[in-house]
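Colleague: One structure coming up, written as structure tokens, with questions to follow.
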Amino acid sequence: MSPSPTVKRRSAPHPVDRVRHERGTAGRNELELSGRAVRASAIPLGDPGAIVVLYDVTRMRALEAVRREFLSNAAHELRTPVTSIAGYAETLLAGGVDAETSHEFLSTIHRNAGRIAALVADLLVLDTLEGRAEVIGTRAPIGLAQVVADAARTARGVTPGAHIEVDVADELSVLGTREGLDHIVQNLIDNAIKYGNDTPVTVRAQRIAQRVRLAVCDRGPGIPDGHEERIFERFYRLDAGRSRDSGGSGLGLAIVKSQIEAVGGRVWVEHARPGARFVVELDAA
Ligand code: ADP
């Protein structure tokens, strides 16, 4: 069917033409061209000529959006404990609170101060890691069995009932830093206990050609389909209530990922059905 002859369509000028035809000082515009953010500058050279310079700023704009979101999340995370501390402190300062209630208020203040301290510590680690691999230190061969044994002992100390089964051969070594690996393995084991609903946790490692894979597996609810990548994003949580109650900031896995990538490794999560299996792959030493 042909279009009705009474309907006249005036197509919008091409964005580049718009910039070209700007008069006066050199035009400077941000346009959308084929789905990309483009900054355009035009210098008219007398009709119909113009020099039009295009800069693709898509990535810059995307990074700005990520930064804005990060700041807003960080502020939001800090606001709750700060508000709580301010409120309880004000009540205490006003006086007239009995000793037992005072103690309760003070422990809430203390707990919230701890949350702020943990969040700030995580933010500082992220800031240090951000795009600066050299701060990680030189990679050296690290025995994986020792790292896992230490992390499992620490986890059992914190959660005495935790059932952690370790199967890591003594000779397995990876290239990394001891501090970084301690943090990575501890974090994954702690998460497996915390979010795995006290189900048994297994830690296994195997060598595959020039790489070593370490898998931390629990039998809990696992990661729902579609969230496998998002859980490594900063501040992304599936269970915000439980995360906050246990002092989590939603930054744990983001830090783990940065630390692993800084030493040339990668990390991902698989469905263990039931449960989650976090796999870390690093260069074998
Ligand atoms: P948090 O600091 O909140 O513990 P993480 O970055 O360590 O944050 O984890 C992000 C989210 O991923 C958690 O809030 C939790 O919902 C989910 N998660 C992490 N590990 C597991 C696991 N083993 N089983 C189920 N969910 C998990």
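Colleague: With N residues in the range 68-131, what two-decimal value do you get for its Cα radius of gyration over 2.2 N^0.38 Å? Working shown, then result.
Modeller: Numbers: Rg = 15.1 Å, N = 64, 2.2 N^0.38 = 10.7 Å.
The range 68-131 yields a ratio of 1.41.
Colleague: Considering the chain as a Gaussian network with a 10 Å cut-off on Cα pairs, which listed residue, ALA42, ALA65, ALA262, attains the greatest mean-square fluctuation?
Modeller: ALA42
Colleague: Would you please give the residues with an amide H less than 5 Å from that of HIS163, counting only those at least 5 places away or on a separate chain, with H modeled from the backbone geometry?
Modeller: For HIS163, whose amide H was placed from the backbone, the distant partners under 5 Å are VAL201.
Colleague: Rank LEU181, LEU93, LEU253 by mean-square fluctuation in a GNM of the chain with C-alpha springs under 10 angstrom and give only the top-ranked residue.
Modeller: Highest fluctuation of the listed residues: LEU93.
Colleague: Please list the equivalent ellipsoid semi-axes of the range 196-260, computed as the square roots of five times the alpha-carbon gyration tensor eigenvalues, in descending order and whole angstrom.
Modeller: They are 23, 16, 11 Å, listed largest first.
Colleague: Could you calculate, for the range 27-78, the ratio of the Cα radius of gyration to the Kirkwood radius, expressed as Rg to Rh? Don't skip to the answer; put the middle values down first.
Modeller: Details: Rg = 16.6 Å, Rh = 13.1 Å.
Rounded to two decimals, Rg over Rh is 1.27.
Colleague: Please give the helix 178-195 orientation as an angle from the longest Cα principal axis of the chain, in degrees from 0 to 90, rounded to the nearest 10.
Modeller: 80 degrees
Colleague: In deg cm²/dmol, rounded to 500, what helix-only [θ] at 222 nm does the chain give when every DSSP H run of at least 4 residues adds -39500 (n - 2.57) and the total is split over its residues? Mind showing how you got there, number by number?
Modeller: Numbers: 7 runs with 124 residues, N = 285.
That calculation yields -14500 deg cm²/dmol at 222 nm.
Colleague: Across bins of 5 angstrom width beginning at 0, how are the C-alpha pair distances of the chain distributed, in whole percent?
Modeller: 1, 5, 9, 11, 12, 11, 10, 8, 7, 6, 6, 5, 4, 3, 2, 1, 0, 0
Colleague: In a Gaussian network model over the chain where Cα atoms closer than 10 Å are linked, find which of ASP127, ASP98, ASP218 has the largest mean-square fluctuation.
Modeller: ASP98
Colleague: For helix 58-94, what angle does its Cα long axis make with the longest principal axis of the chain, in degrees from 0 to 90 and rounded to 10?
Modeller: Once rounded, one gets 50 degrees.
Colleague: Same structure, new question: Could you work out how far helix 144-158 tilts from the main Cα principal axis of the chain, as a 0 to 90 degree angle to the nearest 10?
Modeller: Helix 144-158 sits roughly 70 degrees off the main axis of the chain.
FYI, it's all coordinate maths here, none of it is from the lab. Treat the numbers as computed from the prediction; the structure is a model and nothing was measured.
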